[in-house]
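Let me begin by presenting the structure, written as C-alpha cells, before commenting on it.
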Amino acid sequence: MSSYRRRLTEIIARRLREKRRFIQVIMGPRQVGKTTAIQQVLDGVSMPHHYAAADLPAPPDTLWIQRQWELARMKIRRPSRAILVLDEVQKIAHWSTEVKRLWDEDTRHGNNLHVVLLGSSSMLIQKGLDESLSGRFEMIRFPHWSWEECRDCFGWSLEQYVYFGGYPGGASLIRDETRWGQYIRDSLIETAISKDILLLTRVEKPALLRRLFVLACEYGGQILSYQKIMGQLTDAGNTTTLAHYQRLLESAFLIQGLPKWSGNVVRQRSSSPKWLPLNTALVTALANRTFKQWKNEPAAWGRLVEIAVGAHLVNSSLSQGADVYYWRDGNYEVDYVVHKGNKLIAIEVKSGKVQKTLPSLAEFSKRYRLSKTIVVGAPELSLREFLETPMQKWLG
C-alpha cells in the first residue's frame with residue numbers, strides 16, 4: 001500500500017477509535033484500494049467487527065442491511081463497541097433511509113456501533129447522504145492512484161505512468177500490453193458501466209452512454225460541445241440526455257466534463273465541456289495502440305501528457321476543496337484553471353519546446369486577478385516536478 005493510502009487508512013482507524021460516532025463514508029473509483037484499506041483497518045483494531053459486501057449479482061433489499069446490522073450488534077460487548085462495514089451499499093434501493101433508521105435506533109438505545117459505508121458511485125451515495133443522513137456522516141475520498149504512488153509501489157518510470165495510468169490491479173500485467181488492455185476494458189471499464197451505472201440507474205439508451213464514454217476518451221483533453229457530439233452519433237437524443245449521461249459517467253469516476261471558467265456560475269454551467277478521462281489507462285486501453293506507438297507520435301503523446309496533468313488536478317482537488325476548469329476565448333486557450341476561495345491558478349501543459357511568450361496565459365492574466373501561473377514542461381517545472389508537488393503548495 002502506498003504512503004498516501006496508508007495515511008487515509010490511518011485516518012479511518014483514528015476516527016473509528018474516537019468516542020463520538022459518525023458514519024464514515026469512503027467513496028472512490030473501483031479498484032483503487034477502498035476495500036483493502038478497510039480490511040487493513042479491521043485487522044489492526046482490537047474492536048470486534050462485521051464486514052459485508054452488497055456487490056452481488058442481484059442487488060439485495062433493505063432487509064439485507066438489517067440482517068448485517070443485527071449481526072454487528074451481536075458483537076458489541078458493553079461498554080466496548082463494534083464496527084460494521086457495508087461495502088458497495090449504493091446498490092441497495094433506499095439504503096440511506098434504512099441506515100438512518102438503524103443508526104438512530106442505536107443512538108436511542110446506546111448501542112455503540114461504528115458504521116463504515118463504502119461506495120463507487122458518487123451520485124447514488126451523495127443522494128442518499130443528502131436525503132437521509134445529513135449531520136450523521138464524514139466523507140473520506142479515495143482518488144485514482146498518483147504518479148508518486150505508482151513509482152513507489154511498482155517502480156514505474158514516469159512514461160509508464162502516463163501510458164498505464166495507475167490502476168493498481170493492472171500493474172502486474174504491463175509486460176503483456178494486450179492482456180493489460182483487456183483487463184482495463186473488461187474488469188474496470190465494463191464493470192463500472194454495467195454495475196455502477198446501468199444496474200442501478202434507469203438508462204434508456206445504454207449504447208449511447210457507452211458511445212459517449214468512448215468519445216470522451218477519444219477526445220480526451222479537448223473541448224467538444226453536445227451539438228458536435230450529436231453530429232457524430234446515431235440516435236443521440238438531445239443535449240439534455242447527453243448531459244445526464246455525462247453526469248452518470250462522472251458519478252462512476254470515469255470522466256470529468258470540465259466547465260469553462262468565466263467568473264460567472266451560470267455561464268460556466270452552460271459551457272461546452274472539456275472532456276477529461278480521470279485515468280489515462282482509460283484512453284490507452286480503448287485506443288488499442290502500444291506504448292511504443294504512443295511514444296512515436298509526439299502529438300498523441302502530448303495529448304496524453306495533458307490528460308495526465310488534468311486527471312492529477314481533478315483527483316488532487318477532491319481532498320483540497322478546489323474546482324478545476326478550462327478557459328477559451330477566440331484563439332486564446334488555457335489548459336486548466338484551478339479555483340479555491342480567493343486563489344486562481346492558470347496552468348498550461350507543454351510537452352514539446354516551450355515558447356518564450358505564452359499569449360493565452362498573458363491574456364488570461366489581464367482579465368482575471370491570478371494567484372499564480374504554471375507552465376508544466378517548462379525548464380523551470382518539469383512534468384515530474386509538477387506531479388510530485390502537493391496541490392496545497394500551489395494553493396498556499
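What follows draws every value from the coordinates through simple rules; no lab data is involved. This is a predicted model, so every value here is computed, not measured. Here the Cβ is made from the backbone with ideal geometry for all residues, glycine too, and neighbour counts use every protein chain on show.
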- Where does each of 298-307, 143-152 land if you order them by average Cβ count within 10 Å, highest first? 143-152, 298-307
- Which of LYS34/LYS292; LYS228/LYS274; LYS228/LYS292; LYS34/LYS274 have a Cα-Cα distance over 21 Å? LYS34/LYS292; LYS228/LYS292; LYS34/LYS274
- Query: For region 3-141, what is one quarter of the convex hull surface built on the Cα atoms, given in nm²?
  - Reply: 7.8 nm²
- Simple spin-label model, 7 Å along Cα-to-Cβ: ASP323 to GLN227 in nm? 2.5 nm
- Note on the structure: Quick calc, region 147-395, dipole around Cα centre from Cβ unit charges on Lys, Arg (+) and Asp, Glu (-), nearest 20 debye, gives 620 debye
- Quick one: LEU208, LEU370, fewest Cβ neighbours within 10 Å first, how do they rank? LEU370, LEU208
- Listed residues ILE76, PRO59, ALA346: farthest to the positive end of the dipole of the chain (Cβ charges): ILE76
- At 20 Å minimum axial length over the Cα atoms and a Kyte-Doolittle cut of -0.5, report the qualifying DSSP H helices in the chain, or say none. 298-320
- Query: Nearest 0.05, what FRET efficiency do TYR368 and ASP176 give at R0 = 35 Å with Cβ-Cβ as r?
  - Reply: 0.15
- the chain, helix-only ellipticity at 222 nm - DSSP H runs n ≥ 4, -39,500 (n - 2.57), divided by all residues, nearest 500: -13500 deg cm²/dmol
- Quick note on HIS109, HIS94, ordering by fewest other C-beta atoms within 10 Å, gives HIS109, HIS94
- Towards the positive end of the charge dipole of region 147-395, with charges on Cβ (+1 Lys, Arg; -1 Asp, Glu), say which of THR357, LEU286, PHE253 has the farthest Cα. THR357
- Note on the structure: The answer for GluC sites (Glu not before Pro) in region 341-382 that fall in a DSSP coil and have at most 10 neighbouring Cβ atoms within 10 Å is GLU380
- Task: Place a +1 charge on the Cβ of each Lys and Arg in region 3-141 and a -1 charge on the Cβ of each Asp and Glu, then give the dipole magnitude about the Cα centre in debye, rounded to the nearest 20.
- Result: 600 debye
- Sorted from fewest to most neighbouring beta carbons within 10 Å, what does the list PHE291, PHE164, PHE386 look like? PHE291, PHE386, PHE164
